[in-house]
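These notes are about the structure you will find just below.
Values quoted throughout were computed directly from the atomic coordinates according to the rules given, and no laboratory measurement underlies them. What you see is a predicted model; the values in this text were computed from it and never measured. Glycine gets a Cβ as well: all are built from the backbone with ideal geometry, and neighbour counts include every protein chain shown.
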Amino acid sequence: VGGLDRQRDASSDASAFADPDVANVATAGATALYIDPGSGEFAWAAVVRLRSGGISDAQFRAWRDTFDAGACSQAGGVSGHAEATIGGRTSYIGTCAGGLTTYHTLIAGAGLLVSVSSVGEHRLGEQVIAGLRP
């Protein structure tokens, strides 16, 4: 993403997926970090494999709200929400008062949910969402 290598951290995975609320909707997951050491811009992505039957609209909304509150807790709190098509998918965008942005989308055919938090002018989080396959 943005010419940056993907970094993985097993402790980040363990921490992110230890939450019982995650276990209610997901069977597996992984995280990735893209960081520009020169500028400090980053994107942190969580990909979860949804339980069979997918996720309801209410569960997806609760997921986004919880993710955004956590991501924005050290960035001035949640200041807004938007919806856009990115990479051909409906994406939900959260903004934090301190400049952090979150992105959420479903890859329904694959049973995946992707959530990203990012900071920076290069919009690495948006690039993560735009580059998702299938």
Show the residues, 5+ positions off or on another chain, whose built amide H is closer than 5 Å to the amide H of L112. L50, I107
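Give the relative contact order (percent, whole number) for segment 1-47; include only Cα pairs under 8 Å separated by 6+ residues. Present the calculation step by step, with values, prior to reporting the outcome.
Working: 45 pairs, mean separation 17.7, N = 47.
Normalised by residue count, the contact order of segment 1-47 is 38 percent.
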Step through the residues of segment 18-31 one at a time and calculate ³J(HN,Hα) from phi using the Karplus curve (6.51 cos²θ - 1.76 cosθ + 1.60, θ = phi - 60°), rounding each to whole Hz and writing x for Gly and Pro. 7, 5, x, 5, 5, 4, 5, 10, 10, 9, 6, x, 8, 10
Apply 1/(1 + (r/R0)^6) to the Cβ-Cβ distance of A28 and A97, taking R0 = 41 Å, and write down the FRET efficiency to the nearest 0.05. 0.80
Summing -39500 (n - 2.57) over every DSSP H run of at least 4 residues in the chain and dividing by its residue count gives a helix-only mean residue ellipticity at 222 nm, to the nearest 500 deg cm²/dmol, of -7500 deg cm²/dmol
Taking every C-alpha to C-alpha distance in segment 24-134 and binning by 5 Å from 0, the per-bin percentages run 2, 13, 23, 26, 20, 11, 4, 1, 0
Surrounding net charge for S115, when Lys and Arg each add one and Asp and Glu each subtract one, Cβ distance under 12 Å: -1
In whole percent, what relative contact order does the chain give with Cα contacts below 8 Å and a gap of six or more residues? 24 percent
Give me the net charge for the shell around G70: Cβ to Cβ below 12 angstrom, other residues only, Lys and Arg +1, Asp and Glu -1. -3
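What's the Kirkwood radius of segment 17-71 in Å, using all Cα pairs?
Details: mean 1/r = 0.0790 Å⁻¹.
This gives a value of 12.7 Å.
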